[in-house]
Amino acid sequence: MAKRGNSEGCIVKDPRNGNYIARIQIGYNSNGNPKIKTFSGKTVTEVKRRLKEFKDENENNQTIAQGDCLLVEGMYRWLEKYKKPFLKPSSYDRLMQTVSNNIIPYIGQYYIKEITLSDIQTEVINRLTSEKLSRSSIKKAYQALNMFFRQYIIERKLTVNPMDGVRLPLKEHFEEKTIKPLTPDEMDKFTRTAMSKFDGNGEYKYRYGTAFVFVLYTGLREGEALALQYKHIDLANRKVTVEQNLVMVTDGSGNKRREPLIQKSTKTSSGKREIPLCDTAYEAIKLYMDMYYTGNDEEYIFTTKKGNHLTPHNMAKSVNYIFKAAGIDASGMHILRHSFASYLHSKGVDIKYISAILGHSGTQITYDTYVHTNYEQLKSAMDMID
């Protein structure tokens, strides 16, 4: 293989005919994969010349060409240059999925300089609304387009931002999804079921049952729980340290298959914390470690029998078995965190401490998202009035 010079692309020798081939990326296809242009010649010098001629011909008009190119090419170029280097892998993956699924299929083949406010409002925002996407998903598409066009304005590739005047649908048009936390009785029922044993041999029925009880009484996020290693459990001081997070991301090649990735950081800066273990959480994780801890502190707690990472999908599936066996109308891991927050509030724990345990940046998030006031609490409040 000939030595590759600066910005020459990849030059290789074709074993079939002895010619030299150069390949360079010139954009992106509609699926987000790189678009490659190929040059061939009998010598390396000839290939370099053809490559240089192509680059010289296009370099002078690069700025105009980028403004003239299709949105699919411009947005993927923008993602690669301005977003990927500065976002966490999970954040970049979410943005990539928003662009790939909720923008490109609708206006990806429009030329950037010809896109109008009406195009975006009609073909993206209104169509996503009619297709019953969540308001959150529609808002993410809106924000991605706005960031993209603002960058083009900054670079003077466009003079007018077509996002000016685009309107999001009102919140009232969407059904608000609420999560009903487990009652204290349901939390007890879940705990008993999760830690139940077979009559015959005394083994626990659910491989992750005791670990789920631990999650319920610590309020961990799903990704935080999946990223826990045994080194994070301090039985002597009865605490767990949260300092990393598991996320599911694609490889960025257009393949929608997600794989687990450990981020050496938490969801927010406030997420890095130490959580004291109550008696229930302490006993649950101690039982789990008695069964599965091999002495290697670097091992992850939530793994399959083969030692592979448990995924959020499999984790939810496992906890749903327990909900069903316990006769509880609930599903998914997040309800455990939700229930713990509401439980602490019902016990009179100060909201600032609940917020710290959950890893929130402020108490307002805790109030708005996790703290629920039930009828009995309202009744007690009214009984205090003379």
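The values are calculated or read from the model by the stated rules, or taken from the named source; none is laboratory data. Please read all numbers here as calculations on a predicted model, not as lab measurements. Note that each Cβ is placed from the backbone with ideal geometry, even for glycine, and that neighbours are counted across all protein chains shown. Accessible surface areas use protein heavy atoms only, side chains included; no ligands, DNA or RNA. Shrake-Rupley method; radii C 1.70, N 1.55, O 1.52, S 1.80 Å.
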Of all residues in region 345-373 being more than 30 Å from the chain's Cα centre (by Cα) and surrounded by 12 or more Cβ atoms within 10 Å (Cβ to Cβ), the one that is modelled with the lowest pLDDT:
SER346
Can you pull out the residues in region 165-176 that are modelled with pLDDT under 95 and among the charged types (D, E, K, R)?
LYS171, GLU172, GLU175, GLU176
Subset of region 180-191 [of a type outside the set (Phe, Trp, Tyr) and either farther than 20 Å from ALA341 by Cα or buried (at least 16 other Cβ atoms within 10 Å of the Cβ) (or both)]
PRO181, LEU182, GLU186, MET187, LYS189, THR191
Just need a number here: residues in region 192-208 that are modelled with pLDDT of 95 or more and either open to solvent by less than 20 Å² (accessible area, probe 1.4 Å) or over 18 Å from ILE328 (Cβ atoms) (or both).
1
Within region 187-215, count every residue that is in a helix (DSSP H, G or I) and either of a type outside the set (Gly, Ala, Ser) or free of Cβ contacts under 8 Å to residues at least 24 places away in the same chain (or both).
12
Counting only helices (runs of 4 or more DSSP H) entirely within region 1-98, those with at least 2 residues that are at pLDDT 75 or above and over 30 Å from GLY223 (Cα atoms) are 44-59, 71-78
Only one of these is within 30 Å of TYR208 (Cβ to Cβ) and within 28 Å of the chain's Cα centre (by Cα): LYS171, LYS180. Name it.
LYS180
Identify the residue in region 132-155 that is touching a residue at least 24 places away in the same chain (Cβ under 8 Å) and part of a loop (DSSP other than H, G, I, E, B) and, among all such residues, is nearest to ILE107 (Cα to Cα).
LEU133
Can you name the residue in region 89-104 that is more than 16 Å from LEU70 (Cα to Cα) and not polar (S, T, N, Q) and, of all such residues, is most open to solvent (accessible area, probe 1.4 Å)?
ARG94
Quick one: is GLN121 surrounded by fewer than 16 Cβ atoms within 10 Å (Cβ to Cβ) and farther than 30 Å from ASP329 by Cβ?
no
